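Participant: Sharing a structure, written as structure tokens. Questions coming.
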Amino acid sequence: MAFFSANVVLILLVLGFCTSLLISWMAYRAAVQRPVARWLVPMMLGAAIWSIADILIITLPGFEQKSTALPFVYVGVALILWSLPLFAVEYIGLRRYATGRWILLLAIEPILLLLFTLTNPIHQLFWLQTDLVQVGDISQLSNTYGPLFWFHTAYAYVVLLVSTAFLSRALLRAHQRQRTLSGLVVLGVLMPWIGNALFLSRLIPVDLTSLAFAITGFSLSLGIVRYSLFDVTPIARDTVIEVMNDAVLILDNDFRLVDLNKASWRIFTPPQNPFGLELHQLSPELAALTDPTALDRTLNRSIQFGSNHYEIRFSPLRYANRWQVGWMILLHDVTLARQTQAELKNERDFALQIMNNMGQGLTVTDKDNKFIYVNPAYGQITGYRPEELLGKSPLELTYEADLNILIEARKKRQQGEGSTYENRFIRADGSVAYGLITGVPRLKNGEFDGSIAVVTDLTDQKRIEGELRQARDEAMQASEMKSIFLATMSHELRTPLTAIMGYAELQLAGVAGPMNQEQREFTDRILVNSRHLLTIINQVLDVSKIEAGRLELTSVTFQPCSLVDEVLRQTASLVGDKAIELRGECIGLPEQLMGDPDRLKQILLNLVSNAIKFTEQGQISIHLSSTGQKDWLMRVQDTGIGIPATALPTIFEEFRQVDAAITRQHEGTGLGLAIVQKLARLMGGDVQVTSEENVGSTFTIRLPLVTP
Ligand code: ADP
């Protein structure tokens, strides 16, 4: 026991005191970067106070003096008991638990301890008795402990046990690769156990627990500093690095594997214990990418393992930002990103293909109204190559007189509205082209960022329209000329014809003296043919008058039923010796109607004379009736040759005849039905025909019923 002389013990305690103070100060400074270190400050201060109290107890003379130092032992112990578990909680990564609640909770027992020890003279439940004992040349205080001491000791051991267990486990797990070193740190953490056990088992004569805590503090600070390589606490490492999808490999300076996370195991197939493997043993491909000349730089590479693509980052790991202690390799899986990229590219290509091949022009402009894209079709419309147009403004191409249209449309788009408008522009060769433009705004984050426009080339259409308009104008002019010509001509023809007929009638009446039979026949012929000619001329005149809009209808009161009688009377002679029964009826019509009786009679005469002309035998009837609504009908029905179905649609056109041959049987001009239709329409009605070949035809005029 000579080894434990007072001097040796004192030296050890002074050493412990100094170490504790030093570590406390260092921890205080380190706490700025690693907050967990702050719990070492009270812990080491506790160890220091404990040491100094031990020193005082040994060095102070006499029982009384020594006794005054005794409570300080427990001030130190209280500080350690409070801060050690807090340190452990935070170090193993349950940092969020080192909250105010825990800080207070863990302070309860240490405060009670202080109260118990300070009030011991009153209750003597902590120490029953304190004696002075001599061990070698050391005079020590020896206590006989009371129940409160044992309660406190039990608590202290639980705290110590739990804290050291957690710390040891965390240290061993976090630093599997350097077992010896972590073993030493763990040993340091266990020192108080060893010290206390040695003392309680009386293997050493003095309690060097304060010294043991100094060693613990030293170990822990070593653990923190030395392993600053992993600036993440073990749990954080588990939850972040282990579960991350990116593979992380940690290598030492010789490219030997120090650590690798779960994701790495999925990419590589390392042996059971891969630590210490050289990188090229693990993955020759990866090793091939490392650049020995770039040892102190971060390198970015990419590589493919199986069907997956990775972006690789080699970063040097430095201690205290200075000395390189190894490498970190991060493999970021970019397979999905690449796939998305490829898909986006496909979509873009697809859209481009459509844009480049569409027949219409497509332009995209930016905020400043400059082309950023024009498709080939737009180039064709304007006569420029698409790349010539990029950077130009649509305004530069626009026909000056149309600039306003363009500016207005753009204003609309700036307010978020699309529009469609016609617009002329100047082509590269100086010619004018017409475009139909539909423009919509392009938005970026809801803000106007330019326009998209689809341009349809209207140039050809405009040209054709112009030509058509001109042709129509010319045709209308020609038609008008024709009508005027016909009207004049018929008028001019009618005057001499009336004179011819007048003289022929005079001659027949014997005004110029008696005529023989032959002369009478000839003059008769003259008269018949002249009348026929007059009919034709009158018809031509009517048609041209109607076409020129110069025929005016009268509106007078007339008796519709008397029309039937008049027409029957006037056409009776036309029947000649044909076996035709001609009859008329008038049913359900008012006595009087308003209208143009002459033109109505003209319609009926035309229809009835046609019916007689195209009927050899049977019946021809005129039938006037009311529809019972707002109209009335004039119907002429025959049992004649009928009209072929193919001819029906055109029968009312001018000069149309079913049998138009020169050698035809029936004479006529082909104007009668045209006049009938025009008159009926002029009166606000219309004409319809139904017919069957060799059965007969029915013409029906429907007219509005107007009563006086
Ligand atoms: P046209 O002076 O030749 O009679 P219309 O315009 O009156 O001229 O008639 C045109 C043609 O319609 C006639 O040539 C004839 O072929 C046909 N048509 C008109 N009415 C009848 C009818 N009642 N029966 C058969 N064919 C008819």
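Participant: For the structure I just gave you, tell me whether G576 is more than 15 Å from the ligand (Cβ to nearest atom), free of Cβ contacts under 8 Å to residues at least 24 places away in the same chain and under 18 Å from R681 (Cα atoms).
Facilitator: It is false that G576 is more than 15 Å from the ligand (Cβ to nearest atom), free of Cβ contacts under 8 Å to residues at least 24 places away in the same chain and under 18 Å from R681 (Cα atoms).
Participant: While we're on this one: Would you be able to tell me the number of residues in the stretch 446-461 that are closer than 19 Å to K411 by Cα and either of a type outside the set (D, E, K, R) or open to solvent by less than 10 Å² (accessible area, probe 1.4 Å) (or both)?
Facilitator: 8
Participant: If you don't mind, another one. Do we find a residue being within 30 Å of M481 (Cβ to Cβ) and among the hydrophobic types (A, V, I, L, M, F, W, C) anywhere in the stretch 549-557?
Facilitator: Within the stretch 549-557 (the criterion being within 30 Å of M481 (Cβ to Cβ) and among the hydrophobic types (A, V, I, L, M, F, W, C)), the answer is yes, since at least one residue qualifies.
Participant: Hey, another quick one. Inside the stretch 142-178, can you point out the residues that are surrounded by fewer than 19 Cβ atoms within 10 Å (Cβ to Cβ), modelled with pLDDT of 80 or more and over 18 Å from S219 (Cβ atoms)?
Facilitator: If the condition is that a residue be surrounded by fewer than 19 Cβ atoms within 10 Å (Cβ to Cβ), modelled with pLDDT of 80 or more and over 18 Å from S219 (Cβ atoms), then T144, Y145, G146, P147, W150, F151, T153, A154, Y155, Y157, V158 are the ones that fit.
Participant: List the residue pairs whose Cβ atoms are under 6 Å apart, where the first residue sits in the stretch 603-629 and is on the phi < 0 side of the Ramachandran plot and touching a residue at least 12 places away in the same chain (Cβ under 8 Å), the second is within 14 Å of the ligand (Cβ to nearest atom) and among the aromatic types (F, W, Y), and the two are 6 or more positions apart or on different chains.
Facilitator: Close Cβ pairs satisfying both conditions: L607/F699.
Participant: Residues that are among the basic types (K, R), surrounded by 17 or more Cβ atoms within 10 Å (Cβ to Cβ), more than 28 Å from the chain's Cα centre (by Cα) and not in a loop (DSSP other than H, G, I, E, B): does the stretch 390-410 have at least one?
Facilitator: no
Participant: Check off (1) surrounded by 16 or more Cβ atoms within 10 Å (Cβ to Cβ); (2) under 30 Å from W127 (Cα atoms) for I23 and give me the number that stays unchecked.
Facilitator: Just one mismatch for I23, condition (2).
Participant: Spot the failing condition for Q477; the list is (1) over 30 Å from H666 (Cα atoms); (2) open to solvent by less than 90 Å² (accessible area, probe 1.4 Å), and only one is missed.
Facilitator: (2)
Participant: Continuing with the same structure: Condition check: more than 60 Å from the chain's Cα centre (by Cα) and within 16 Å of the ligand (Cβ to nearest atom). Does T554 satisfy that?
Facilitator: On the way: more than 60 Å from the chain's Cα centre (by Cα): yes; within 16 Å of the ligand (Cβ to nearest atom): no.
Against the criterion (more than 60 Å from the chain's Cα centre (by Cα) and within 16 Å of the ligand (Cβ to nearest atom)), T554 does not qualify.
Participant: Also, quick follow-up: Does the stretch 88-109 include one or more residues that are at pLDDT 80 or above, surrounded by 19 or more Cβ atoms within 10 Å (Cβ to Cβ) and either under 18 Å from S210 (Cβ atoms) or in contact with a Pro (Cβ under 6 Å, 6 or more places away or on another chain) (or both)?
Facilitator: Within the stretch 88-109 (the criterion being at pLDDT 80 or above, surrounded by 19 or more Cβ atoms within 10 Å (Cβ to Cβ) and either under 18 Å from S210 (Cβ atoms) or in contact with a Pro (Cβ under 6 Å, 6 or more places away or on another chain) (or both)), the answer is no, since none of the residues qualifies.
Participant: While we're on this one: Looking at the stretch 562-599, which of its residues are closer than 20 Å to A674 by Cβ and out of contact with any helix residue (DSSP H, G or I) (no Cβ under 6 Å at 6 or more places or on another chain)?
Facilitator: Listed by number, the residues that qualify are D596, D598.
Participant: May I pose another question? For the stretch 267-279, what are the residues that are within 16 Å of F305 (Cα to Cα) and open to solvent by less than 100 Å² (accessible area, probe 1.4 Å)?
Facilitator: Those that are within 16 Å of F305 (Cα to Cα) and open to solvent by less than 100 Å² (accessible area, probe 1.4 Å): I267, F268, P270, L279.
Participant: Considering the stretch 334-364 alone, what residues qualify as being within 18 Å of the chain's Cα centre (by Cα) and hydroxyl-bearing (S, T, Y)?
Facilitator: Within the stretch 334-364, T340 is the sole residue that qualifies.
Participant: Let me ask something else. Every residue in the stretch 113-172 that is farther than 26 Å from I58 by Cβ and hydroxyl-bearing (S, T, Y), please.
Facilitator: Y155, S163, T164, S168 - these are the residues of the stretch 113-172 that are farther than 26 Å from I58 by Cβ and hydroxyl-bearing (S, T, Y).
Participant: List every residue pair whose Cβ atoms sit under 6 Å apart, with the two residues 6 or more apart in sequence or on different chains, where the first one lies in the stretch 450-468 and is assigned to a helix (DSSP H, G or I) and the second, anywhere, is open to solvent by 60 Å² or more (accessible area, probe 1.4 Å).
Facilitator: Within 6 Å, the pairs are T459/Y434; K462/Y434.
Participant: Another question, then. Taking into account only those residues within the stretch 351-380 that are under 11 Å from S451 (Cα atoms) and outside any strand (DSSP E or B), which is least open to solvent (accessible area, probe 1.4 Å)?
Facilitator: Of everything passing the filter in the stretch 351-380, N369 is least open to solvent (accessible area, probe 1.4 Å).
Participant: Which residue out of G672, G668, G640 is at pLDDT below 90 and buried (at least 17 other Cβ atoms within 10 Å of the Cβ)?
Facilitator: Result: G668 is the single residue among G672, G668, G640 that is at pLDDT below 90 and buried (at least 17 other Cβ atoms within 10 Å of the Cβ).
Participant: Can you name the residue in the stretch 411-439 that is part of a strand (DSSP E or B) and surrounded by fewer than 15 Cβ atoms within 10 Å (Cβ to Cβ) and is also farthest from the chain's Cα centre (by Cα) among such residues?
Facilitator: Here the residue is V432.
Participant: Where in the stretch 494-601 are there strands (runs of 3 or more DSSP E), lying fully within it, with 1 or more residues that are open to solvent by less than 30 Å² (accessible area, probe 1.4 Å) and more than 18 Å from R702 (Cα to Cα)?
Facilitator: Of the strands (runs of 3 or more DSSP E) lying wholly inside the stretch 494-601, those with at least 1 residues that are open to solvent by less than 30 Å² (accessible area, probe 1.4 Å) and more than 18 Å from R702 (Cα to Cα) span 579-587.
Participant: In addition: Hey, could you check the stretch 602-634 for residues that are among the charged types (D, E, K, R) and over 21 Å from Q657 (Cα atoms) and say which is least open to solvent (accessible area, probe 1.4 Å)?
Facilitator: D631
Participant: Going through the stretch 534-556 one residue at a time, which ones are charged (D, E, K, R), at pLDDT 85 or above and within 22 Å of R656 (Cα to Cα)?
Facilitator: D542
The values are calculated or read from the model by the stated rules, or taken from the named source; none is laboratory data. In this text, all values refer to a predicted model and were calculated from it rather than measured experimentally. All Cβ positions, even for glycine, are placed from backbone atoms using ideal geometry, and neighbour counts span all protein chains on display. Just the protein is used for accessible areas: all its heavy atoms, side chains included, with ligands, DNA and RNA removed. Shrake-Rupley method; radii C 1.70, N 1.55, O 1.52, S 1.80 Å.
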